[in-house]
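Accompanying notes for the structure given below.
Values in this text are rule-based calculations from the coordinates and carry no lab data. What you are looking at is a predicted structure, and each value in this text was computed from that prediction instead of being measured. Virtual Cβ from ideal backbone geometry, glycine too; neighbours counted across all protein chains shown.
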Amino acid sequence: MNLSIPQITHLQGTRHVPGDKSISHRALMIGAIADGVSEISFCSRAADPMSTLSCIRQLGLKIEDLGKQIIIYGNGRHGLQMSSAPLDAGNSGTTIRLLSGILAGQRFSSVIVGDSSLSQRPMKRILDPLRLMGAHIHGTDINTAPIKVEPVDRLHAIRYALPMPSAQVKSSLLFAGLYADDTTSIIEKTQTRDHTERMLGLQTKNENGSFVVGVHPDVKIEGKRFFIPGDISAAAFLLSAGLIVPGSNLRLQNIGLNPTRRRILDILRTMGGNIQIDNERIIEGEPIGDLLVQYSELKSNLELHGAEVVDLIDEIPILSVTALFAEGSFRIHDARELRMKETDRISAIVNNLRLLGCEVEEYEDGFAFEGRKKYSGNILPSYGDHRIAMAFGIAGIRIHNVTIQDTECVDISFPGFWKELLASAKM
Ligand code: S3P
């Protein structure tokens, strides 16, 4: 469906965002291999975590979906059963990569498939280290999905330095480490999101400037209650809307504020964004709070690289759009990983900025442009990528005559996004 985006004069009131996508995937998977019953509250109902839910159902678990809660009756890490049909990860990189870590240690075989976008994404990053652990796991000739896993009795522990910053690879190997013969250690130069570590109770140590996390196969995983905080990566779209539409004043409730995810708040504040945190507290090991955002005159002069880019990896599309409305320049380097996402996000962002009349310089690991220029509306492709659709939808609330194509892809992470954006907006 194509959506012509209406102009908005101001946004007011309280908005809700879905449960954190990364934490929802992990709660479902950890519940599936836990001993005993887990109860997940505020699980994201977006298509990606629902792919994880349907995969773990296929692995023979009893699951009750009560609407507000999902109950999983775990039978321990060896309590999964072979699925007669391939497991379908849909569009979800987190599902296929994390689940591969769990399935690599099973005594039965599995096949995981994905949609056309997921089937083009790189899987060598998990296949290589899982094979080092002794897993019998294969992708296609070019190391893409479908992924086939053959049974093993036990995996071997490894000490592995991640060649690229990836929480998905780290988490896949930590899950596989639950099925190994000793402690598996993962070393990161730049720390990526640490939800798996927090949820499994693992400690990260700093060794000579690197982050090292180990998992012992005897770590206890007991069924428990999970409370999923609101997704800060989803909230970022509404924060941006609040900042760029004059007269706006919004409250976003119960947003996850994990230190490996909240960099977007620092950057938007550096740009002059008026964002306050209210009611900050810790729930189930994750910090959460309400975010209050008001329209602000933004200035950018941003030059992002290194660890900053890792922390902001899912927010680069919306940060780029926000910088369109800020005085000054926006430059990003070290963002090669963006080319491996649901679509090549560097190319998608650059193409869409150019379609709006913005002069952009593109390079291999990033791009640069000047904000606060004259832009003109256009028909913008979403490339079937939820974050591109939402980011440029936000551009459309300030630029006349923007139409976004294939808007339904927002369901991957934020079902109801368009309603939430336009609710009580004055147009
Ligand atoms: C995720 C990790 C990130 C992120 C993705 C979710 C996760 O991917 O882009 O949306 O839940 O672990 P990488 O780890 O591949 O960078």
Cross-link reach list, lysines versus LYS205, counting only Cα pairs under 16 Å and skipping chain neighbours closer than eight places: LYS170, LYS189
What is the gain in length, in nm to one decimal, between VAL37 and THR403 on full extension, counting 0.36 nm per residue of separation less the C-alpha to C-alpha distance? 127.1 nm
Taking only Cα atoms and a 10 Å spring cutoff, compute GNM fluctuations for the chain and point out the largest among LEU11, LEU324, LEU304. LEU304
Residue farthest toward the positive end of the dipole of the stretch 351-427, with Cβ of Lys/Arg at +1 and Asp/Glu at -1: which of LEU380, HIS400, PHE369? HIS400
Amide H to amide H under 5 Å from LEU298: which residues, 5+ apart in sequence or cross-chain, H placed 1.01 Å off N in plane? GLU327
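Please report, in debye to the nearest 20, how large the charge dipole of the chain is about its Cα centre when each Lys and Arg carries +1 at its beta carbon and each Asp and Glu carries -1 there.
Details: 45 positive and 49 negative charges, 73 e Å.
For this selection, approximately 360 debye.
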Within the under-14-Å Cβ sphere about HIS78, not counting HIS78, Lys/Arg +1 and Asp/Glu -1 give a net charge of 0
Magnitude of the charge dipole, the stretch 1-51, Cβ model with Lys/Arg +1 and Asp/Glu -1, debye to 20: 200 debye
Along the stretch 157-170, Karplus-curve 3J(HN,Hα) (6.51, -1.76, 1.60; θ = phi - 60°) to the nearest Hz, with x for Gly and Pro, reads 6, 10, 10, 9, 8, 5, x, 9, x, 8, 5, 5, 5, 4
Order by protection proxy (mean Cβ within 10 Å, highest first), peptides 217-225, 383-391: 383-391, 217-225
From phi via Karplus (6.51, -1.76, 1.60), per-residue ³J(HN,Hα) for the stretch 7-17 in Hz, x at Gly/Pro: 6, 10, 8, 7, 10, 9, x, 9, 10, 10, 10
Give me the one-decimal nm value for the distance between modelled label points at LYS299 and ARG107, 7 Å along each residue's Cα-to-Cβ direction. 6.6 nm
When the chain is fully extended, how far beyond the present Cα-Cα distance does SER329 get from ILE277, taking 0.36 nm per residue of separation? 16.0 nm
With 0.36 nm assigned to each residue of separation and the Cα-Cα distance removed, HIS10 to ALA307 gains 103.5 nm
Proximal lysines to LYS419, defined as alpha-carbon separation beneath 25 angstrom and excluding residues fewer than eight positions away on the same chain: LYS21, LYS68
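Evaluate the charge dipole of the stretch 21-219 about its Cα centre and quote only its size in Debye, nearest 20, assuming +1 on the Cβ of each Lys and Arg and -1 on the Cβ of each Asp and Glu.
Details: 21 positive and 18 negative charges, 64 e Å.
Value, rounded to 20: 300 debye.
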Name the lysines eligible as straight-distance cross-link partners of LYS299: C-alpha to C-alpha under 24 Å, and not fewer than 8 places from it in the same chain. LYS373, LYS374
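Hand me the GluC sites (Glu not before Pro) from the stretch 346-379 located in a DSSP loop with no more than 14 other Cβ atoms within 10 Å, in residue order please. Mind dumping the intermediate values first?
On the way: sites: GLU359, GLU361, GLU362, GLU364, GLU370; in loops: GLU359, GLU364.
Sparse-neighbourhood loop GluC sites (Glu not before Pro): GLU359, GLU364.
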Using θ = phi - 60° and Karplus 6.51 cos²θ - 1.76 cosθ + 1.60, couplings along the stretch 390-402 (whole Hz; Gly, Pro as x): 5, 4, 7, x, 5, 4, x, 6, 10, 10, 4, 6, 9
How many percent of the alpha carbon pairs in the chain exceed a separation of 27 Å? 50 percent
Name the residue from SER84, GLY114, HIS305 whose Cα lies farthest towards the positive end of the charge dipole of the chain, charges +1 on Cβ of Lys and Arg and -1 on Cβ of Asp and Glu. SER84
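Please order ILE399, ILE379 by the number of other Cβ within 10 Å, starting at the fewest.
Values: ILE399 21, ILE379 12.
Going from sparsest to densest Cβ surroundings: ILE379, ILE399.
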If you find the alpha carbon centre of the stretch 46-121 and of the stretch 261-320, how far apart are they in angstrom? 31 Å
Counting only residues 5 or more apart in sequence or on a different chain, those whose built amide H sits under 5 Å from that of ASP182 are ALA157
Taking the chain as a Gaussian network, Cα atoms linked when under 10 Å apart, which of ASN274, ASN249, ASN208 shows the biggest mean-square fluctuation? ASN208
For the residues ASP88, ASP20, ASP65, what sequence is obtained by ranking on other C-beta atoms within 10 Å, fewest first? ASP65, ASP88, ASP20
With springs only between Cα atoms under 10 Å apart, run a GNM on the chain and tell me which of VAL310, VAL152, VAL17 wobbles the most. VAL152
If amide hydrogens are placed 1.01 Å from N in the peptide plane, which non-local residues have theirs closer than 5 Å to the one on ASN91? ASP115
Identify, among SER41, THR343, HIS156, the residue whose Cα sits farthest towards the positive end of the charge dipole of the chain, taking +1 on the Cβ of Lys and Arg and -1 on the Cβ of Asp and Glu, with the dipole about the Cα centre. SER41
For the stretch 21-219, treating each Cα as an identical point scatterer without solvent, what Debye log10 I(q)/I(0) comes out at q = 0.10 1/Å? -0.36
Report the GluC sites (Glu not before Pro) located in the stretch 249-303 that are in a DSSP loop and have at most 16 other Cβ atoms inside 10 Å of their Cβ, or state none. GLU284, GLU297
By the mean-Cβ-within-10 Å protection proxy, highest first, 136-146, 237-247 rank as 237-247, 136-146
